[in-house]
Amino acid sequence: MNVIEVKNLKKEFQIKQKRAGLKNGLAFLLRPEYKNIKAVDDLSFSVSRGELLAFIGPNGAGKSTTIKMLTGILFPSSGHINVLGFDPAKERQKLAYNIGSVFGQKPQLWYHLPAIDTYNLLARIYELDQREYKKHLAFLVEAFEIGDLLNTPVRKLSLGQRMRCEIAASLIHKPKIIFLDEPTIGLDVVAKQHIREVIKYLNEKEKVTIFLTSHDAGDIESLARRTIIVNFGKIIFDGPTENLKKNYIKSKIVELVTEDPIEDFNFQGGKIIEKGKFDIKVELDISKNSIDKLLSFAVENFNIKDINIFDPPLEEIIADIYRAQKL
Amino acid sequence: MQKDTSLGTYLSLTWEMVKMNVLSAMEYRVSFAMQVIGMIVNDIGLVALWFIFFEKFPEIRGWTFQDTAVLFAITTVQFSIVMILANGSFRMARMIANGEIDNLLSLPKNVLWQISLSKTEVSAFGDLLFGLVIYFFSGNLSFESFGLFILLSVITAVIFFNFIVITQSIAFFTGNFGEAAVQLFHALLGFTLYPQTAFFGVPKVITLTILPAFFIATLPVEIFRNFNIFSLGLMIAFAIITFFIAIFIFKKGLERYESGNLINIKI
Amino acid sequence: MNGVYALKIIKYFEVAKINYFNSLVYVINALSRSGVVVIRIWIFAQLYKITYTASGAEEISGLTVAMVVWSLMMTQSFQSSGRPPVSEIIDEEVKSGALAYSINRPYSYILFHLSGYMGRGTSSLFINLLIGAAASLILVGPVKITLFGILFGAVLMIFGRLLDFLISFIIGLAAFWIEDTTAIAWIYAKGQMVFGGIILPIALFPDYLQKIAEFLPFSQLFYSAARLIVNFDMELFQKFILIQFFWIAVFSALAYFIFKKGLKYVTINGG
């Protein structure tokens, strides 16, 4: 059963175009020129119930515009959208009872008050049955482990704690779909891990459909079974996330920190990007070599103090994909 | 299927929102107290000024200190009603420019209502208290008078609110209208606080048509001094008409916003 | 060679254009603020014309309607040159801890802010006076202003602004002990409104209040200068300047004392 259906979705903006020069400045006042920007250019996809989907793309790719249209904040220029049987543009408030959203930059929680106050308010805004609400809240509190945080003013919470509370807030009304925009931004590794666990739990146990936007490759890799990549308003990839990794991540960067100074690092198959006295960064083509081999080599020849393994940045992967698409 | 939200729900929700706003402000206990007290002092200053004035000039064209007291009472009570229940409306233009209303659009409640209640000016409680006290200084102590006073305050509060919504909604069409809207607001306020009979001549026409100062201050005090059912009816009609105009302009503006053709839209 | 000059001219023209558009925005803002000034003057003209007619007098306490309006216009112009209030700036500096750093700089903290205050207000002062004078001229006609009036009036204005600065400075310093000094600043502003001759000239106060109001610092900030200018009187000048000096001495001492106390607070509590 499809919870989201998008067909031939288009969104165009008219931006006032001002040309330089005094004469043009006057003309601009009298007869402004408009430039047409295609933010979303013929998008089609559908999402079935219980999917955990990553919706990604570089900045300006049309992601936020699409999400805004799905939630009814923005009207499409043309095309069809159906979310849970509603037309978001026409039935925004009705749809709002069934969806939740977390925008990392725009908090839902009231800053000076404890989270519980916002939860209680939301329960009233969504007109929830009080008993149902209390039961569900207890469940959320346990799942997110925010019991101790409930009565602390939000401004006193750490970013990770606040994020957990924000996501919990978006679930008070048991939405069928939630839109998560950059849920782990700015969080430390432990906090990120925690949030990911919660999201996974929601999706697996509660069958909540999750529409995730993130620049964090770790989020995408660990959570999303399916990934859609947009760029220039078009879908350039729609498929299982592991295909993305398998086909498009071609290299890894390994950073090693040693006890003793590094003289030579003669590992065949790795390109040295940076080299210091006690550290070295190696770019590894993983289609030709395994990290395994590199690490064995390193351990055999040096006293390793620290190891870091990096994926090439997602933007790079996407850019690569786009370039590959063009060919 | 969800049924439409009832008025009763909106009323109880309004109460909740105001409570949250006040609680939020009370986090800063001292600041909260100082604001309320500060506003009372502010109002006392205004009354003191005019008291001194009327000591020297007991009557201006039939207008006495008592009349100024009524004027102040109606104005401050009306002002405090708007500041308590709809303070957020003053920030509307800025909220639109910053895309802050997206959050509100994702909640299943009326957007204008949400914008209005997004903030409560706590010092307005000082105003409210002061308005009620100064009313009693005007010497009108009958139940009827008090009832009329409350009625007039509520009607003028609605007119005031409508005016704010109309001027702020222009931001939907032109981008941030902030500075000019603030100027307009202060001009409006300034007009309401001077002995009203002092105004005459052509500029009064401007006052009548462009700024509803006439309806917010002059007319209600006139009605209070010399009750006239037709004038009262006129005020109520004006409140209702401007209300529908305000809602209409806001709705159109919101549609425009959702079409995404604001000049400073962020893609 | 001509090509080079042509390029230079174009460059300077572009620079001028940018500055023009920038200042256009500034001018529009200044104009709308001035519009408010004009509206107020119009209100005063109406109010006092009727007031005087109602009491059947052409002159009250030596002031005609025209004089009243001109003095109010000037009082308000002087007052507006004191914005944004120093108390806000000092409050911010105390809160942010910038004050602690400023102490280490090789100039007097208070003199630094005084010169800032004086400099900031000057341009808006002249704009407001210009527009205010034009509006007053049109609405109530001219008043006889003598050179002596302007000279001695200017003296009172400068000392009056100094007094305003001192009081505002002290209010800002309260930020060491109080979370929000806005309320105190408010009270000060209301004191100005009631006793500062901003809306009702002190000369038009009932007799029993006039003496008191003239002695309070509020009337000595902006009103006394304006009052002297519209109707110069040497005795009046002497009276006013003495009262000004008195309050300046009082508030200077207070400022010094509170400032020192505040610094001690900083060093104990680490800002």
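Since every read-out is calculated from the coordinates, none of them should be taken as a lab result. Note that the structure is a prediction, hence the values are computed from the model and not measured. Here the Cβ positions follow ideal geometry from the backbone for every residue, glycine too, while neighbour counts run over all protein chains shown.
Details
- Those trypsin sites (Lys or Arg not before Pro) in the range B:1-57 that DSSP places in a loop and that have at most 11 other beta carbons within 10 Å: B:K3
- Over the protein assembly as shown, DSSP H runs of length four or greater, each weighted -39,500 (n - 2.57), average out per residue to a 222 nm ellipticity of -20000 deg cm²/dmol.
- Kirkwood hydrodynamic radius of the range A:72-136, from inverse mean 1/r over distinct Cα pairs, in Å: 14.0 Å
- Label-point gap, in nm, between B:I236 and A:E197 - each point 7 angstrom along Cα→Cβ: 6.4 nm
- Packing rank of A:92-100, A:277-285, where each peptide gets the mean count of other beta carbons within 10 Å, highest leading: A:92-100, A:277-285
- The range A:65-104 and the range C:103-169 have Cα centres spaced 58 Å apart.
- Taken over chain A, the ratio of Cα radius of gyration to 2.2 N^0.38 Å equals 1.20.
- Kirkwood Rh (inverse of mean 1/r, distinct Cα pairs), the range B:46-129, angstrom: 15.2 Å
- Applying both filters, DSSP loop and at most 15 other Cβ atoms within 10 Å, to the GluC sites (Glu not before Pro) of the range B:26-75 gives B:E27, B:E59.
- Counting only other chain Cβ atoms within 10 Å of each residue's Cβ, the peptide A:85-98 averages 3.
- By the rule of a C-alpha distance below 29 Å, with chain neighbours fewer than 8 residues away ignored, the lysines paired with A:K205 are A:K63, A:K68, A:K94, A:K106, A:K134, A:K135, A:K174, A:K176, A:K192, A:K245, A:K246.
- For the protein assembly as shown, a crude dipole built from +1 on the beta carbon of Lys and Arg and -1 on the beta carbon of Asp and Glu, taken about the Cα centre, is about 1780 debye to the nearest 20.
- Rg over Rh for the range A:124-271 works out to 1.10, using Cα positions for both radii and the Kirkwood form for Rh.
- Averaged over A:57-66, number of beta-carbon atoms from partner chains that fall within 10 Å: 1
- Farthest towards the positive end of the charge dipole of the range C:33-136, among the residues C:S81, C:A54, C:V69, is the Cα of C:S81, using unit charges on the Cβ of Lys, Arg, Asp and Glu.
- Alpha-carbon spread of the protein assembly as shown, three principal axes, descending order, Å: 103, 69, 68
- The distance from the alpha carbon centre of the range B:89-134 to that of the range A:180-217 is 33 Å, rounded to a whole number.
- Sites listed here are chymotrypsin sites (Phe, Trp or Tyr not before Pro) in the range C:161-252 whose DSSP assignment is loop and whose Cβ has at most 15 other Cβ atoms within 10 Å: C:W177.
- 4 °C / 1.567 mPa s Stokes-Einstein diffusion coefficient of chain C, Kirkwood radius on C-alpha pairs, µm²/s: 63 µm²/s
- Charge dipole magnitude, Cβ of K and R +1, D and E -1 - the range A:76-154, Cα centre, debye nearest 20: 260 debye
- Counting, for every residue in B:5-15, the Cβ atoms of other protein chains within 10 Å of its Cβ and taking the mean gives 1.
- Value of D in µm² per second that Stokes-Einstein yields for the range C:36-91, Kirkwood Rh from Cα pairs, at 10 °C (1.306 mPa s): 124 µm²/s
- The packing ranking of peptides B:98-111, B:238-251, B:151-164, highest mean first, is B:151-164, B:98-111, B:238-251, where packing means the average number of other beta carbon atoms within 10 angstrom of each residue.
- Of C:M193, C:S108, C:I229, farthest towards positive along the dipole that unit charges on Lys, Arg, Asp, Glu beta carbons give chain C: C:S108
- Of the residues A:G147, B:I101, B:S145, the one whose Cα sits farthest towards the positive end of the charge dipole of the protein assembly as shown is B:I101 (charges of +1 on Lys and Arg Cβ, -1 on Asp and Glu Cβ, taken about the Cα centre).
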